[in-house]
Amino acid sequence: MLFQTQSFLLLFLPVTLALFYAAANRPAAREWVIVLASVLFYGAWDARFVPLLIGQTLLTWGMAGLALRTGRRGLLTLGIALNLVVLAFFKYAGFAVETVEALLGVALPRHEIALPIGISFITFELISYLVDVKRGEVGLHRFRAFCLYTFFFPHLVAGPIVRHNELIPQLAASPLRPGVAERMGRGLSLLILGLGQKVFLADRLAKIADPVFAPGAQPGFGAAWEGALAFSLQLFFDFAAYTDMALGIALMFGITLPRNFDTPYRALDLREFWRRWHMTLSRWIRDYLYIPLGGNRHGTGRYIAATMIAMTLCGLWHGAAWTFVVWGAMHGAGLLVVHLWQGAGGRMPAPLAWLVTMLFVLIGWVLFRAPDFAHAGQVLAAMVHPAAVALTLKKLPWLLLLAAALSVVRPTAAEFAERRLVANWPVAVALAGLAVAAILDVGEGKPVSFIYFQF
């Protein structure tokens, strides 16, 4: 079930909210409303994977409880390993077979394995809990609360990647506590702004980007630049839209989820970019990969290895293909160069630093989007063709220019909602108009899935 569908916006969400607030004064009942609604939400994608979702959750909770009761910490390691096995089987088994086939030059038996939606996000959240238990930072949560932590449908499929200590403590607070009207208004505004970004920006930018990256396409200079820019902006608004909608929906239930974007296309270096882009993933990689690998406190060699391993695995997390692995390694190398440059006292004028950073990110997005290295090479080669230098701002589609401007301006949707601008009648009317237009638009055809659903 997609957020930007009429069935979700006009049926599922209103009914779930009504049932939730009807049980607002009964903590157990309102929590079970969300748990059951979330299972229904996930099952609408593919009911076959509901047992997997429940099984992973029960396995993780059970391993944590058994380890805490018996003192056998190895059970926590086993729980982490089993979660990784599930992720590896569903997401990377086919990739492993393809890689072995390429190395050996022989065809191996294979079976098509459907990818459970959101499995990467779910697995990372479950692993973070087991690691925190192993570190002695948390005990065993109530079963219902832990299920709600895993299942909570606003972040279930594509994040943000939430920590247990960010969500579970909020469950004790009554949704009818003071400020309910403000939370509902801010949440609704975030939902509408995210919906507008998805329907009127991301999905329309996809129509510019997709032909350039389609198999067999041979774009020229102008088309290559348009495609690369369009995908960079499509990815930004697609994921920002999902995050804003997720935060908004959660807030309507009285739950505050962590922010995931902070105008990353304003970054002046690659380190700043990763502090602003997919913030919850960057934080997870830092706390559960980079720092345990040694971080920057154990010498240069350890720092280089930790950075490259963390970012390469970040690339692999995004997709089961060597293009993603190289994309991650590319960003790891870029972060090392930035660290070395800044450590040596290197400085650039802000406009130049921004341009260099965005060009690096743009090149990376071409590799991220292309179906293979050959196609990525074709697009990048077309972008630097010496005989085709006639691209001007006047030739760029107006949608690209508008999206580019919106990607760097403030306030962001979250800041817009936090400033209570929705309390102004003109703003409220504009948001209502945007909601109606978007809902009518999505009813005209099959909705376009969010990009990060495939990860």
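Bear in mind these aren't lab numbers, they're just calculated from the coordinates by the rules spelled out. Just so we're clear, the structure is a prediction, and the values are computed from it rather than from any experiment. Every residue, glycine among them, receives a Cβ derived from its backbone with ideal geometry; neighbour counts consider all protein chains shown.
Please give the contour-minus-distance gain from Leu78 to Arg271: 0.36 nm per residue of separation, less the Cα-Cα distance, rounded to one decimal in nm. Walk me through the intermediate numbers first.
Values: separation 193, 0.36 × 193 = 69.48 nm, distance 3.37 nm.
Full extension from Leu78 to Arg271 adds 66.1 nm.
Among Asp46, Asp262, Asp132, which comes first, then next, by fewest other beta-carbon atoms within 10 Å?
Details: Asp46 13, Asp262 16, Asp132 19.
The order, fewest Cβ neighbours first, is Asp46, Asp262, Asp132.
Within 15 Å, Cβ to Cβ, of Phe121, how many net charges do the neighbouring residues add up to if Lys/Arg are +1 and Asp/Glu are -1?
Numbers: positive: Lys91, Arg163, Arg283; negative: Glu125, Glu166.
Residues near Phe121 contribute +1 overall.
Shape call for the range 25-73 from the C-alpha gyration tensor, a ≥ b ≥ c root eigenvalues: rounded (a/c under 1.5), prolate (a/b greater than b/c) or oblate?
Values: a/c = 5.92, a/b = 1.43, b/c = 4.13.
Since a/c reaches 1.5 but b/c is at least a/b, the shape of the range 25-73 is classed as oblate.
Just the projected area, averaged over all directions, of the convex hull on the alpha carbon atoms of the range 139-258: how many nm²? Let's see the in-between values first.
Working: hull surface 37.4 nm².
Averaging across all directions leaves 9.3 nm² for the Cα convex hull.
Going by average Cβ density within 10 Å per residue, which order do the peptides 31-42, 248-259 take, highest to lowest? Walk me through the numbers before you get to the answer.
Details: 31-42: 19.4, 248-259: 21.6.
Ranked by mean Cβ neighbours within 10 Å, highest first: 248-259, 31-42.
Charges at C-beta only: +1 for Lys and Arg, -1 for Asp and Glu. How large is the resulting dipole of the range 17-141 about its Cα centre, in Debye rounded to 20?
480 debye
Using a 7 Å offset from the Cα along the Cα-to-Cβ direction at both Ala18 and Leu66, what is the distance between the two label points in nm, to one decimal?
4.4 nm
About its Cα centre, how strong a charge dipole does the chain have in debye, to the nearest 20, once Lys and Arg get +1 and Asp and Glu get -1 at the Cβ? Mind dumping the intermediate values first?
On the way: 36 positive and 24 negative charges, 230 e Å.
The calculation lands at about 1100 debye.
Between Val384 and Tyr92, 0.36 nm times their residue separation minus their Cα-Cα distance comes to what? Don't jump to the answer; show the numbers that get you there.
Details: separation 292, 0.36 × 292 = 105.12 nm, distance 3.41 nm.
Extra length available between Val384 and Tyr92 comes to 101.7 nm.
Quick check: convex hull of the Cα atoms in the range 245-294, volume per residue, rounded to a whole Å³?
Details: hull volume 3.6 nm³, N = 50.
Each residue corresponds to 73 Å³ of Cα convex hull volume.
Using only the alpha-carbon atoms of the chain, report the extent along each of the three principal axes, biggest first, to the nearest angstrom.
Answer, in whole Å and largest first: 70, 58, 51 Å.
Sort the following peptides by mean Cβ neighbour count (other Cβ atoms within 10 Å, averaged over residues), highest first: 367-376, 101-110, 12-21.
On the way: 367-376: 18.2, 101-110: 8.9, 12-21: 16.4.
The densest-packed peptide leads the list: 367-376, 12-21, 101-110.
For the range 6-178, report the translational diffusion coefficient in µm²/s to the nearest whole number, using Stokes-Einstein at 4 °C, 1.567 mPa s, and a Kirkwood Rh over Cα pairs. Spell out each step's value before the answer.
On the way: Rh = 17.8 Å.
Value of D from the Cα-based Kirkwood radius: 73 µm²/s.
Would you check the chain for Lys pairs whose C-alpha atoms are within less than 28 Å, ignoring same-chain pairs closer than 8 in sequence, and give me the count?
Pairs that pass both the separation and distance tests number 11.
Find out how many positive minus negative residues lie around Ala353, taking Lys and Arg as positive, Asp and Glu as negative, among other residues whose Cβ is under 14 Å from that of Ala353. Spell out each step's value before the answer.
Working: positive: Arg266, Arg271, Arg347; negative: Asp269, Glu272.
Its environment carries a net charge of +1.
Hey, for a label at Arg26 modelled as a point 7 Å past Cα toward Cβ, could you say which residues of the range 120-152 have their backbone N under 18 Å away?
144-145
Working out 0.36 nm times the residue gap between Arg142 and Gln6, then minus their Cα-Cα distance, what length gain in nm do you get to one decimal? The partial results should precede the final answer.
Numbers: separation 136, 0.36 × 136 = 48.96 nm, distance 3.46 nm.
Separation in residues times 0.36 nm, less the Cα-Cα distance, equals 45.5 nm.
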